1. Checking Ile64 against (1) more than 29 Å from Asp226 (Cβ to Cβ); (2) open to solvent by less than 20 Å² (accessible area, probe 1.4 Å); (3) among the aliphatic types (A, V, I, L, M), only one condition comes out false. Which one?
2. Restrict the check to segment 1-16 and report whether at least one residue is more than 13 Å from the chain's Cα centre (by Cα), more than 22 Å from Leu98 (Cα to Cα), at pLDDT below 95 and not β-branched (Val, Ile, Thr).
3. Out of Ile120, Ile149, report the one residue that is open to solvent by less than 60 Å² (accessible area, probe 1.4 Å) and β-branched (Val, Ile, Thr).
4. Looking at (1) farther than 22 Å from Asp6 by Cβ; (2) open to solvent by less than 40 Å² (accessible area, probe 1.4 Å); (3) of a type in the set (Asp, Glu), find the lone condition where Asp206 falls short.
5. Tally time: how many residues in segment 38-62 are closer than 15 Å to Gln111 by Cβ and part of a helix (DSSP H, G or I)?
6. When segment 94-112 is examined, which residues are found to be surrounded by fewer than 17 Cβ atoms within 10 Å (Cβ to Cβ), among the aliphatic types (A, V, I, L, M) and touching a residue at least 60 places away in the same chain (Cβ under 8 Å)?
7. List, please: which pairs have Cβ atoms under 8 Å, are six or more places apart or on different chains, and start with a residue in segment 191-210 that is in a helix (DSSP H, G or I) and end with one that is polar (S, T, N, Q) and surrounded by 15 or more Cβ atoms within 10 Å (Cβ to Cβ)?
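The values are calculated or read from the model by the stated rules, or taken from the named source; none is laboratory data. Computed from a predicted structure; not experimentally measured. Glycine also receives a Cβ, built like all others from the backbone with ideal geometry; neighbour counts cover every protein chain displayed. Only protein heavy atoms, including side chains, enter the accessible area calculation; ligands, DNA and RNA are left aside. Shrake-Rupley method; radii C 1.70, N 1.55, O 1.52, S 1.80 Å.
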Amino acid sequence: MKIAVDLHIHSALSPCASEDMTPNNIINMARLKGLDAVAITDHNSSENCASIMKCGEKLGITVIPGMELETAEEVHLICLFPEYQSCMEFNEIVRSRLPDIENREDVFGRQIIMDEWDNITGINNQLLLTASGLSVENAVFHVGKLGGIVIPAHVDRSSYSVLSNLGAIPEGLGFKWLELSRFTSLNEFVSSNPGLVNYKFIKSSDAHELGDMLERETYLTVVRNDAKNIIKRMLEL
């Protein structure tokens with residue numbers, strides 16, 4: 001089965017995202033754009049995954065629970081999980097390793113937690129736009145232990161990527177996939193980085209606004225369209 005995916009989407013929990021990125025708006029936009037599966041990857045938190053997963057169930061859109069982790073090295077990693085429980089276990093690990101700094105809404109924006117009807121149920125006041133205390137290696141260990149997959153985010157960018165901050169993809173950590181920004185040419189990128197030719201690449205939107213979400217342009221072939229099988233297939237490839 002070939003499915004259209006967008007594996008890097010922020011909700012209103014990410015302070016840099018539009019407050020229009022509500023659970024129902026995200027899922028309705030995914031449906032309009034013809035997506036079969038999406039991943040919710042807010043900065044250093046997964047607190048809106050449950051509500052968006054419930055919205056996805058109503059309209060037949062698979063929602064993969066996840067997070068865009070910022071490591072101690074200020075590297076962004078997409079962390080995806082086969083089920084909600086394992087994602088929230090990782091959420092607690094990350095939360096305990098974030099610095100005790102209060103978010104400044106006037107600078108960064110609100111960090112909004114919502115239910116499946118788009119009602120605001122809480123505000124996360126701990127600053128999410130910051131480096132956690134988890135190293136890249138620690139993150140790979142914890143996510144792997146929970147059955148998830150780690151994808152270095154937007155490796156083509158000049159900041160917050162594993163290439164810009166570490167200079168190379170760390171060896172021995174089992175990375176199979178790398179994420180490219182949606183408008184980057186894969187052929188040009190690989191030509192400029194021939195040492196990465198053996199990795200698999202996936203393009204995602206990194207959407208902070210509804211209109212930025214992908215249409216049917218990134219595909220995966222899976223046995224069944226659910227989070228567990230998508231993660232399993234990506235780990236196998």
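1. Exception for Ile64: condition (1).
2. yes
3. From the options Ile120, Ile149, the qualifying one is Ile149.
4. Going through (1) farther than 22 Å from Asp6 by Cβ; (2) open to solvent by less than 40 Å² (accessible area, probe 1.4 Å); (3) of a type in the set (Asp, Glu) one by one, Asp206 breaks only (1).
5. Here the count works out to 2.
6. The answer is none; no residue qualifies.
7. What qualifies is Leu210/Ser18; Leu210/Asn25.
Rundown of residues vs (1) open to solvent by 30 Å² or more (accessible area, probe 1.4 Å); (2) among the hydroxyl-bearing types (Ser, Thr, Tyr), yes/no style:
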residue	(1), (2)
Ile27	no, no
Arg31	yes, no
Thr41	no, yes
Asn48	no, no
